[in-house]
Structures are given as structure tokens and as C-alpha cells.
Amino acid sequence: MTRIIMNGCNGHMGQVISGLVKDDGDAVIVAGADRINNQDNGYPVFNEIGQCDVEADVVIDFSAPDALDGLLDYCIEHQLPVVLCSTGLSEQQLVQIEEASKKTAVLKSANMSLGINTLLKLIQDAAKVLAGAGFDMEVVEKHHRLKKDAPSGTALALADSLNDAMGNAYHYVYDRSQKLEARDGKEIGLSAVRGGTIVGEHDVIFAGPDEVVTFSHTAYSKAVFGKGAVEAAKFMAGKKTGYYHMSDVIDG
């Protein structure tokens, strides 16, 4: 049984994960931490993770970037592996995370969905064949109207996966309105759509002479990200140090 501390337990994703774990026979949330502590979760909740005195095997974090320092300090002090799901982290914070992984186990992913992380691997094989044969590569993503960053972190991860497969020989184009010229064969285009309540859609398009191959992923609810985080927590339990990714979870 994997014992989880849910950091950011009263946020939307914290509540999604709390609901998922209730039906999971292999995991249990033993404590939570959140600045807003105004509801009964069925487990003790602390105003910040540094106050938590409950024994656990792993931490799942769906909080905010400004909570990172306290979270990493706590995990290092208690030798607890952590699954980092918060977005919007700065370059300096990413360096902090890498340094922390030398002292405790850390898993970080741009997207916790098992489907997306499987897609990241599939498109590499496709790129080697199709882009190698001259197909153009484009990434199109769609999200709800409240999402501020564009392109999404997942879209960038997909583009990076394509580029890695091709020896990082490609450059990225985000806005074609200022490029009144024919498409460069060594570019990956990224396009963002914002509207309504779209949870998340990503298309990776390989466009060649007279044929198009498209890989698509659609998230119909945020539960897909929660399920991935719980699986990652089970995988991380018992790990001592190291920097892990969702690809490690998929590979087992």
C-alpha cells in the first residue's frame, strides 16, 4: 500500500486525486497540505507541508510554484520521493529541482497523462520514418479559454520529442503571421487554440506529398492527469535519489 501526502489537496486536481485514491486498493492518502483548509477530506490537512508529521512513502504536488522551496526542503529532510505536477516553474526552479534530485527522488513531467507520455514515444518512431522521408511536422493544441500560456507545455514536449528523434536539427515556429515566405523544411510549427472548456487536445501532424498522418490525443476530463500522478506515486515509492520522468513509469 503506497502512502501518499497530497500537497495542494484542496485545489481542483488535489480533490480529483483524493477521489481517485479512494477507489484504489493499492494507495491511500494519509495527509494533505493546503493554504486553504476549510473542508473535511477524511485525512489530516496541514496549512503547509513543513507542518506535516504523518509517515508516508511519497508526495504528490499539485500546488503552486511559490511553494516549491518548502516542498523540496521537506522531501529532502524526510527522504521522501516527490511527484511534481505543478506548472509555470521558472528556469531557476527547474535547476533547483535537478539539484534536489541528487538528495531525494524527483519525478517531473510536463503532462501526467499516461496517454500523452505514450504518444511522446510513438511520434519519435514516426518522425524517424516520415520526417526522414521529407514530411513536414506540425503540432496543434487546443485548451480552455482560461489557460494563459501558449503553446502549452505539452505541445512543447511533443515538439521536443520530435526534434530529439531528428537529432535536434529543427527549429520552432510559433507565429506564421510575420513569416510571409514558404515553409522551411527544417521547422516544427506550433499552433494554439483557446476557447470554451476544452480540457486538452493535441495533434501531431506529419504532412507529406499526397498524404497526411496525424497522431491525436484528447483529454475529456482532468482525471487523466490525476490517474497518471497516482501511478507515478506508486512507481516512485521506495526510490532514494534521481530525476525521473513519466516515460520511466510507462517503461516500468
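Some notes on this structure:
- Scan of the stretch 1-23 for residues that are closer than 12 Å to GLU231 by Cα and either free of Cβ contacts under 8 Å to residues at least 24 places away in the same chain or surrounded by 19 or more Cβ atoms within 10 Å (Cβ to Cβ) (or both), ordered by number: THR2, ILE4, ILE17, VAL21
- Annotation: of all residues in the stretch 207-233 being part of a helix (DSSP H, G or I) and either polar (S, T, N, Q) or open to solvent by 50 Å² or more (accessible area, probe 1.4 Å) (or both), the one that is farthest from LEU190 (Cα to Cα) is GLU231.
- Qualifying residue in the stretch 107-126 (condition: surrounded by fewer than 21 Cβ atoms within 10 Å (Cβ to Cβ), out of contact with any Ser or Thr (no Cβ under 8 Å at 6 or more places or on another chain), without any contact (Cβ under 8 Å) to a residue 40 or more places away in the chain and of a type in the set (D, E, K, R)): no
- Residue in the stretch 94-101 that is of a type in the set (Gly, Ala, Ser), within 22 Å of LYS227 (Cα to Cα) and crowded, with 17+ Cβ neighbours inside 10 Å present: no
- When each of ALA169, ALA182, ALA207 is tested for being modelled with pLDDT under 95 and either closer than 26 Å to SER247 by Cβ or of a type outside the set (Asp, Glu) (or both), the lone residue that passes is ALA182.
- For the stretch 25-50, the set of residues classified as in contact (Cβ under 8 Å) with a residue 60 or more places away in the chain and over 21 Å from the mean Cα position of the chain (by Cα) consists of ASP26 only.
- From the list ILE123, ILE36, the one residue that fits, being closer than 30 Å to ALA219 by Cα and in a loop (DSSP other than H, G, I, E, B), is ILE36.
- Of all residues in the stretch 133-176, those that are touching a residue at least 60 places away in the same chain (Cβ under 8 Å), under 21 Å from GLY200 (Cβ atoms) and either among the hydroxyl-bearing types (Ser, Thr, Tyr) or assigned to a loop (DSSP other than H, G, I, E, B) (or both) total 1.
The values are calculated or read from the model by the stated rules, or taken from the named source; none is laboratory data. In this text, all values refer to a predicted model and were calculated from it rather than measured experimentally. Please note: Cβ atoms are built from the backbone with ideal geometry, for glycine as well, and neighbour counts cover all protein chains shown. The area values use the complete protein model at the heavy-atom level, side chains included, leaving out ligands, DNA and RNA. Shrake-Rupley method; radii C 1.70, N 1.55, O 1.52, S 1.80 Å.
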